[in-house]
Each structure stands twice: as structure tokens, then as C-alpha cells.
Amino acid sequence: MHLKLIETIMAIIIMVFLGYSMRRSGLLKYGDAKSLNKIVVNLTIPSLIFMALYRIDISVISSLMPIPLICILIGLIRA
């Protein structure tokens, strides 16, 4: 379990470092951020969510049930 967590965190750190290095070296321009953001929002994040849902252990779902109920309750109170 911890190995997967470390693997995920390291992948994020490496991607941030690569982006920073590419920007510093001039490979990426300031305007490239808009295109990259579209790729991340429309492709990468949905893929990440899908993979996370695919790998989830269904037995823990019942313990997570209070979270959406709390969110709904807070939404009703604040609205």
C-alpha cells in the first residue's frame, strides 16, 4: 500500500521537476501553459480519476458514505 503511495508522489514530483526544467531551459514558452492546461484538465485528470475508481477496494465504500452526506448538509445550510 505504501509503495503505491510513494510511487504516485514520486511521479508527481518528477513531472513538476520536468515542467520546471523545460520552462527554465526555454523548451516551453509562457503561452504553452494554456494548451498544457487543456490537456491536463480534459485528458489527464479524467484518466487519473477513472484509474483510481477502477483500482478502488469496494469494501471501504461504506466507511466513506458520511463524506457526501456532510457535503450535502453543508450545502443546504449555506445555501
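The values are calculated or read from the model by the stated rules, or taken from the named source; none is laboratory data. All figures in this text were calculated on a predicted structure; none of them were measured in a lab. Cβ placement follows ideal geometry from the backbone for every residue including glycine, while neighbour counts extend to all protein chains displayed.
How about region 34-79: which of its residues are at pLDDT below 80, assigned to a helix (DSSP H, G or I) and surrounded by 10 or more Cβ atoms within 10 Å (Cβ to Cβ)?
Answer for region 34-79, where residues must be at pLDDT below 80, assigned to a helix (DSSP H, G or I) and surrounded by 10 or more Cβ atoms within 10 Å (Cβ to Cβ): just A52.
So, I61, is that one farther than 19 Å from T8 by Cβ and among the aliphatic types (A, V, I, L, M) or not?
Spelling it out, I61 is indeed farther than 19 Å from T8 by Cβ and among the aliphatic types (A, V, I, L, M).
So which pairs qualify, if the first residue must be in region 57-68 and on the phi > 0 side of the Ramachandran plot and free of Cβ contacts under 8 Å to residues at least 40 places away in the same chain, the second must be exposed (fewer than 10 other Cβ atoms within 10 Å of the Cβ) and hydroxyl-bearing (S, T, Y), the Cβ gap must be under 9 Å, and the two must be at least 6 apart or on different chains?
Filtered contacts from region 57-68: no entries.
Being outside any helix (DSSP H, G or I), among the aliphatic types (A, V, I, L, M), at pLDDT 85 or above and surrounded by 10 or more Cβ atoms within 10 Å (Cβ to Cβ): is that true of L27 here? Let's see the steps before the verdict.
Values: outside any helix (DSSP H, G or I): yes; among the aliphatic types (A, V, I, L, M): yes; at pLDDT 85 or above: yes; surrounded by 10 or more Cβ atoms within 10 Å (Cβ to Cβ): yes.
In short, yes.
How do the pairs read when you match residues in region 1-22 that are at pLDDT 75 or above with residues anywhere that are surrounded by 10 or more Cβ atoms within 10 Å (Cβ to Cβ) and in a loop (DSSP other than H, G, I, E, B), using Cβ under 7 Å and keeping only pairs 6 or more apart or on different chains?
Once the first residue is at pLDDT 75 or above and sits in region 1-22, its partners that are surrounded by 10 or more Cβ atoms within 10 Å (Cβ to Cβ) and in a loop (DSSP other than H, G, I, E, B) give M22/L28.
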